[in-house]
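**Student:** One structure, as structure tokens, below. Some questions next.
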Amino acid sequence: MNASRSFTALDWVAVVAIGLQSLALLMFPFTIAPSFAGMFAEFGGALPVVTRVALSPWASPALGLLVASLAVVALALPAASTLALRRAMVLLAFFVGVIALAAAMYAMYAPIFELAGNIKPE
């Protein structure tokens, strides 16, 4: 039985998902962060560190470039290399992208969680 050395349709679906994750992370400071920054300006006070980092113009795009570069390296490996390594790199890129997006969204809601935690019942 001769195993195929090329990606299957499912592998390419993962690559497309990685591309969308990278795009979302690259666009995060320009699309999502400004609306949250405006809301946080009305809160007053200091923001959590994770929120300040996520609102910076470099954090999310850097993670987006990391995710994209992992996928590009997986695609650029020669076909003679093991298919398992290429698939592992695609999976790594996918999960790093999922974790980065989840962390960015948590960072946007962290001040709201903190504010809600400070409410004391009478």
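The values are calculated or read from the model by the stated rules, or taken from the named source; none is laboratory data. What you see is a predicted model; the values in this text were computed from it and never measured. Side chains are part of the model used for accessible areas, which takes the heavy atoms of the whole protein and leaves out ligands, DNA and RNA. Shrake-Rupley method; radii C 1.70, N 1.55, O 1.52, S 1.80 Å.
**Student:** Taking 8 Å as the Cα distance limit and 6 or more residues as the minimum spacing, I'd like the relative contact order of region 51-122 as a percentage. Provide the component values of the computation, followed by the final result.
**Tutor:** Values: 34 pairs, mean separation 28.6, N = 72.
Rounded, it is 40 percent for region 51-122.
**Student:** Right, another one. Pop out the ³J(HN,Hα) list for region 113-122 in order, Karplus 6.51 cos²θ - 1.76 cosθ + 1.60 with θ = phi - 60°, rounded to Hz; leave Gly and Pro as x.
**Tutor:** Each residue of region 113-122 in turn: 4, 5, 5, 5, x, 8, 6, 10, x, 7 Hz.
**Student:** Counting each DSSP H run of 4 or more residues in the chain as -39500 (n - 2.57), what helix-only mean residue ellipticity at 222 nm follows after dividing by all residues, to the nearest 500 deg cm²/dmol?
**Tutor:** Helix contribution divided over all residues of the chain: -26500 deg cm²/dmol.
**Student:** Please give the per residue accessible area of the chain, computed with a probe of 1.4 Å over protein heavy atoms only, in Å². Intermediate values should be presented prior to the final figure.
**Tutor:** Working: 7600 Å² over 122 residues.
Per-residue accessible area for the chain comes out at 62 Å².
**Student:** Can you send over the carbon and sulfur percentage of the accessible area for region 49-122, probe radius 1.4 Å, protein chains only?
**Tutor:** 79 percent
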